[in-house]
1. From the Cα trace of the range 132-219, what convex hull volume per residue do you get, rounded to a whole Å³?
2. Out of the chymotrypsin sites (Phe, Trp or Tyr not before Pro) in the range 134-227, which ones are loop residues according to DSSP with at most 11 other C-beta atoms within 10 Å?
3. Report, to the nearest whole %, how much of the accessible area of the range 165-227 belongs to carbon and sulfur atoms, 1.4 Å probe, protein only.
4. Assuming a viscosity of 0.692 mPa s and a temperature of 37 °C, what translational diffusion coefficient in µm² per second does Stokes-Einstein assign to the range 48-107, Rh being the Kirkwood radius over Cα pairs?
5. If you look at just the Cα atoms of the chain, how large are its Rg and its Dmax in Å?
6. Apply the Debye scattering formula to the range 78-194, with a single equal point scatterer on each alpha-carbon and no solvent, then give log10 I(q)/I(0) at q = 0.18 Å⁻¹.
7. Based on DSSP, what percent of beta bridges with both residues in the chain are antiparallel, to the nearest 5?
8. Run lengths n ≥ 4 of DSSP H only: what is the helix-derived mean residue ellipticity at 222 nm for the chain, with -39500 (n - 2.57) per run over all residues, to the nearest 500?
Amino acid sequence: MTARIGVVTFPGSLDDGDAARAVRLAGAEAVRLWHGDADLHGVDAVVLPGGFSYGDYLRTGAIARFAPVMEKIIEGARDGLPVLGICNGFQILCEAHLLPGALTRNQHLHFRNRDQWLRVEATGTAWTNVFQAGQELLIPVKNGEGCYVADQRTLDELEATGRVVARYLRGNPNGSQRDIAAITNEAGNVVGIMPHPEHAVEALTGPSLDGLGFFTSILKHLAGAPA
């Protein structure tokens, strides 16, 4: 059976269509989920896309965390449902306490939009298993609040347990501590990434095809997951 990957749309989402297209290019069925949905319609995994959910009022992701659909996503994630949060989705995952730390204003106080090199650090997650450790990827980054911060104990724990998924290479676009671009939870089913893999899935529109691996990884994970 074809895997069904849910893509959530919040008021202010910008990249939900791109994420759904990436899901389809990887070979899965993209299931559109509305922020007010009371259930997940039987999806096998969920993508929280980039954008400005609820206009970034209060702070990025703070209101989206309380959307009705998030109740089911939080519950599912804690039971093993794979969830990928991209940019604003990463911010939402931190607000929902599915991932530690927070995303704050870029240190240089400017919105940063450029193609960014990353180095893959963790390949044991549901979303990165097709990559090789140390593999370098070229993926667009576009954020104003992309600076990852956490207390030193949390940062040390992420390092010690192999939960830093990717780091920025050849320049840090936002000042994230320890050049962190992506992290995962302890179980490896929840990943937050600030750059946009969904914008690097086609030669016509992206700087590379490197982002497609995040979406083919989840299919590999689901194919090997117990029913």
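The values are calculated or read from the model by the stated rules, or taken from the named source; none is laboratory data. Since this is a predicted model, take the numbers as computed values, not measurements. Cβ sites come from the backbone with ideal geometry, for glycine too, and all protein chains shown count toward neighbours. Heavy atoms of the whole protein, side chains included, go into the accessibility calculation; ligands, DNA and RNA do not. Shrake-Rupley method; radii C 1.70, N 1.55, O 1.52, S 1.80 Å.
1. Working: hull volume 9.1 nm³, N = 88.
It comes to 104 Å³ per residue, whole-number rounded.
2. Working: sites: 148, 168, 214, 215; in loops: none.
In loop regions of the range 134-227 (DSSP not H, G, I, E or B), there are no sparsely surrounded chymotrypsin sites (Phe, Trp or Tyr not before Pro).
3. Details: 1350 of 2390 Å².
The nonpolar share, carbon plus sulfur, comes to 56 percent.
4. Rounded to a whole number, D works out at 286 µm²/s.
5. Just the Cα atoms of the chain yield Rg and Dmax of 15.6, 47 Å.
6. Taking Cα atoms of the range 78-194 as identical point scatterers yields -0.86.
7. Values: 22 of 38 bridges.
Of those bridges, close to 60 percent are antiparallel.
8. Working: 5 runs with 52 residues, N = 227.
Per the formula, -7000 deg cm²/dmol.
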